[in-house]
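The values are calculated or read from the model by the stated rules, or taken from the named source; none is laboratory data. Predicted model only: the values in this text are computed from it and were never measured. We place every Cβ from the backbone using ideal geometry, glycine too, and count neighbours over all the protein chains shown.
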């Protein structure tokens, strides 16, 4: 079962490695509580931002006495405040994500769980919103290590079901979201309306990371001969004869498909990562995601 696979992958040894990591925002974030991410607000952090004239009641510890000596006026040094980050994990749970060995959804949930664990260990706010034809029941905002068991239990209960309505679902999520931060979309993108969904997240102010998952069977099909293929989401059928020339054409279409998503993400300032569902989780988190700067 998918749940057991998740627990086995997130061993105590691996979790200790995750605890040394943190999520990395590309630009300052507008948080709600003190944390370790650069905020859009000016306050009393570490990195200098601006000066403000002293007002009665201000904390004298933040007066710039060098400036006061030169101007005979009191100014406070304003710095970038450090606040918590909001991380929205958005796993596609449609039936096509149940395909492969291991299933694409298994790998997606392992990745999402690991990223959520990193966020909770750093006191970031974490939510999980699965989607397929409609938005599924979400994991409400969680914060802190005490929320880890609830997140693990929630992830264990997710199963693939239904067709995909990528654009509709993510538009609804973006419209209803009251927070901005990082949105990590985990999907096989087997839907024609993926651009609409990603644009909606970007328009809402999210820093979007796309984790594009495909199985080994989809990347290099091992099928030959006369076959009847059945769509796992629509149950539509197609008979075809699979031969080397057809498989060569399939590879060309697949490469274009992945390239189009990557180009779109680059154009709109989103991170894109292609994820084979059979790739080891530790390699994905500790090497691949660290190289892209999503975690550090």
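Structure summary
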item	result
Among the residues listed as 279, 202, the single one being in the same structural domain as residue 103 (by TED's automatic domain parsing), modelled with pLDDT of 90 or more and within 14 Å of the chain's Cα centre (by Cα)	202
Criterion (under 27 Å from the mean Cα position of the chain (by Cα), in the same structural domain as residue 94 (by TED's automatic domain parsing), farther than 22 Å from residue 24 by Cα and crowded, with 16+ Cβ neighbours inside 10 Å) met by exactly one of 286, 214	214
Qualifying residue in segment 48-71 (condition: at pLDDT 75 or above and either surrounded by 16 or more Cβ atoms within 10 Å (Cβ to Cβ) or within 29 Å of residue 131 (Cβ to Cβ) (or both))	yes
Meets criteria (under 19 Å from residue 185 (Cβ atoms), touching a helix residue (DSSP H, G or I) at 6+ places or on another chain (Cβ under 6 Å) and touching a residue at least 24 places away in the same chain (Cβ under 8 Å)) for residue 119	no
Some residue of segment 85-108 being in a loop (DSSP other than H, G, I, E, B) and at pLDDT below 90	no
Matching residues in segment 237-283 - criterion: being loosely packed, with under 12 Cβ neighbours inside 10 Å and either under 25 Å from residue 85 (Cβ atoms) or touching a residue at least 40 places away in the same chain (Cβ under 8 Å) (or both)	266, 267, 269, 283
Criterion (surrounded by fewer than 17 Cβ atoms within 10 Å (Cβ to Cβ) and either in the same structural domain as residue 19 (by TED's automatic domain parsing) or out of contact with any strand residue (DSSP E or B) (no Cβ under 9 Å at 6 or more places or on another chain) (or both)) met by exactly one of 165, 175, 108, 114	175
Among the residues listed as 257, 274, 264, the single one being touching a strand residue (DSSP E or B) at 6+ places or on another chain (Cβ under 7 Å) and either assigned to a strand (DSSP E or B) or at pLDDT 95 or above (or both)	274
Residue in segment 141-152 that is closer than 30 Å to residue 254 by Cβ, at pLDDT below 95 and in contact with a strand residue (DSSP E or B) (Cβ under 8 Å, 6 or more places away or on another chain) present	no
Residues of segment 167-187 satisfying the condition of being over 14 Å from the mean Cα position of the chain (by Cα) and not in a helix (DSSP H, G or I)	177, 178, 179
